[in-house]
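Comments concern the structure below.
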């Protein structure tokens, strides 16, 4: 797989390193999916009883077509539920998709649903301990939906944090099937994110009551669609587009609009064209290759996207036989400029990003700078350069694509490579005698990026919050929150720590967070070393830190150090023995025992996917 000659030398070097490292695992993966594709549609080999079960509920016309195996059958796999705003729009998608597929010469069946949980609802609650594992449950649910061997292609309907990575991992286990991801889009803009953050801090200080806080939150999250800040959900959408799995420009069109409906119809029709037997057969396993993965990392860095993807992208890559590592993120971050500021990295939301030029402008800038591979396979046909510089429009009620803007329409939100917000991507790896971790500095001011202070150690985020309320943290310190890793309790996000830490930082104290847990897509202005591995539960160095030990988090040098000469000789602390029962947590004990490390994707599948994690 030669690299295009116009590509930036660092992008070339990282890509070639990934290709070489993945040679055996990627070859094995491709051999498997090509063998599956060469056998033809599996539906044609089903026994009569099997096939009859597969079309028993269909209308007579569809039943006849499935019986005779004369048209491609498209699986619909959806994360719809009507509690979560991002997935509510999917309610009407199956009917629209089925009509569009039939009109385009195919058949579609709703193959299965996958769970969709919201970290915003479970934040700080016991249910959050199921969140990370839901990704792998979704992957398995996707595989179950496709396992009936009735299908020639698939459409994946999902948006949020663990759902899209799970859908992709599951889809890649059926990598011989053409598959398109179908988004729902962000809700319209509500209360500005900076105002929401201000009210949260006031509530943390006790200056406003719960009613004022709830009013602000309800004005922020107010309708159908994805939350508008640039967290993991919207990072997912960006990745699916730049990796060639969305139709061009599909990511950030609002729900309930004619353009959104037209894009959904177009995706349904397009997947029919990609099925076997036609001239454009495009299995998803051929789309998601080393270059596509690198493109995803570059776009994530260029926009200050979610740190969750230092795990999700690793796991998604492994599902395609590609061995992606944290060092690859770090090397790319050094040469990829930060081109957008979307909350929490700025005051704008994803609707402002979209209006400023959005994906077409971003992809064009990165292509022109040699930071994206143009010669990749996409569901739109052709390479990234040919299709994804364009944006969708309705002309006379018909969907078409036009050239995207060549200049940013709002330079406070989106800039060129020649005039970036920062010359690097703002995502850095930290390493030292505390292990390895990740820090997102795109929202952290330069004066806060190096903190050296005594440790204050907690084994539970609630203990930290209680200490803050008692006024015990009015000083310089590094909060070490441990026993929050994948094996401990499923690695919950710790966003409830952000407002009090922000209050203390605003009061002039030097504060930082070090944790084997997550902060993820909404990581903000506080320097936070997250995903620290080895985690405390496995006896990692973070389990040996004591109150008063001087800890230095240096985001500039990329180091994470505790100054304690006897660190290695200390007995690791044991967890406090919190409950693992209730809210379904007892059902996930096997996953906690099987999960891998954060730097290898925190996956329960381990090396069984492709050998890439061996």
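The values are calculated or read from the model by the stated rules, or taken from the named source; none is laboratory data. Please read all numbers here as calculations on a predicted model, not as lab measurements. Glycine gets a Cβ as well: all are built from the backbone with ideal geometry, and neighbour counts include every protein chain shown.
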* Asked: Is it true that some residue in region 363-377 is within 30 Å of residue 139 (Cβ to Cβ) and in a helix (DSSP H, G or I)?
  -> yes
* Structure fact -> Per the filter on region 131-188, residues farther than 23 Å from residue 251 by Cα, in a helix (DSSP H, G or I) and in contact with a helix residue (DSSP H, G or I) (Cβ under 6 Å, 6 or more places away or on another chain) are 131, 133, 143
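For region 136-144, indicate whether the set of residues that are at pLDDT 95 or above and within 30 Å of residue 463 (Cβ to Cβ) is non-empty.
Looking only at region 136-144, we keep the residues that are at pLDDT 95 or above, and these are 136-144.
This time we only want the ones that are within 30 Å of residue 463 (Cβ to Cβ), so: 136-137.
Scanning region 136-144 turns up at least one residue that is at pLDDT 95 or above and within 30 Å of residue 463 (Cβ to Cβ).
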* When only residues in region 502-543 that are free of Cβ contacts under 8 Å to residues at least 60 places away in the same chain, in contact with a strand residue (DSSP E or B) (Cβ under 6 Å, 6 or more places away or on another chain) and surrounded by 24 or more Cβ atoms within 10 Å (Cβ to Cβ) count, which is farthest from residue 568 (Cα to Cα)? -> 513
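Quick check on this structure: which one of 339, 384 is over 30 Å from residue 196 (Cβ atoms), out of contact with any strand residue (DSSP E or B) (no Cβ under 6 Å at 6 or more places or on another chain), in the same structural domain as residue 175 (by TED's automatic domain parsing) and crowded, with 18+ Cβ neighbours inside 10 Å? Reasoning before the result, please.
Working: 339 fails: over 30 Å from residue 196 (Cβ atoms).
Of 339, 384, the one residue that is over 30 Å from residue 196 (Cβ atoms), out of contact with any strand residue (DSSP E or B) (no Cβ under 6 Å at 6 or more places or on another chain), in the same structural domain as residue 175 (by TED's automatic domain parsing) and crowded, with 18+ Cβ neighbours inside 10 Å is 384.
Going through 30, 84, 46, 65 one at a time, which residue ends up being out of contact with any strand residue (DSSP E or B) (no Cβ under 8 Å at 6 or more places or on another chain), surrounded by 14 or more Cβ atoms within 10 Å (Cβ to Cβ) and not assigned by TED's automatic domain parsing to the domain that holds residue 289?
On the way: 30 fails: not assigned by TED's automatic domain parsing to the domain that holds residue 289; 84 fails: not assigned by TED's automatic domain parsing to the domain that holds residue 289; 65 fails: out of contact with any strand residue (DSSP E or B) (no Cβ under 8 Å at 6 or more places or on another chain).
Just one listed residue meets the conditions, 46.
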* crowded, with 24+ Cβ neighbours inside 10 Å, touching a strand residue (DSSP E or B) at 6+ places or on another chain (Cβ under 6 Å) and either on the phi > 0 side of the Ramachandran plot or assigned to a helix (DSSP H, G or I) (or both) - does that describe any residue in region 306-323? -> yes
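Quick one: which residue in 80, 93 is at pLDDT 95 or above and assigned to a loop (DSSP other than H, G, I, E, B)?
Values: 93 fails: assigned to a loop (DSSP other than H, G, I, E, B).
Result of the check over 80, 93: 80.
From 473, 409, grab the single residue that is closer than 30 Å to residue 350 by Cα and part of a loop (DSSP other than H, G, I, E, B).
The unique qualifying residue is 409.
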* To do: Please give the number of the condition residue 183 fails out of (1) outside the structural domain of residue 154 (by TED's automatic domain parsing); (2) under 23 Å from the mean Cα position of the chain (by Cα).
  => (1)
* What helices (runs of 4 or more DSSP H) completely inside region 189-293 contain at least 2 residues that are without any contact (Cβ under 8 Å) to a residue 12 or more places away in the chain and surrounded by fewer than 24 Cβ atoms within 10 Å (Cβ to Cβ)? -> 193-204, 210-220
* touching a residue at least 12 places away in the same chain (Cβ under 8 Å), in the same structural domain as residue 538 (by TED's automatic domain parsing), part of a strand (DSSP E or B) and surrounded by 19 or more Cβ atoms within 10 Å (Cβ to Cβ), is that true of residue 438? -> yes
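Quick check on region 465-475. Is at least one of its residues in contact with a strand residue (DSSP E or B) (Cβ under 6 Å, 6 or more places away or on another chain), in contact (Cβ under 8 Å) with a residue 24 or more places away in the chain and surrounded by 19 or more Cβ atoms within 10 Å (Cβ to Cβ)?
Kept after step one, since they are in contact with a strand residue (DSSP E or B) (Cβ under 6 Å, 6 or more places away or on another chain), are these residues of region 465-475: none.
No - not one qualifying residue is present in region 465-475.
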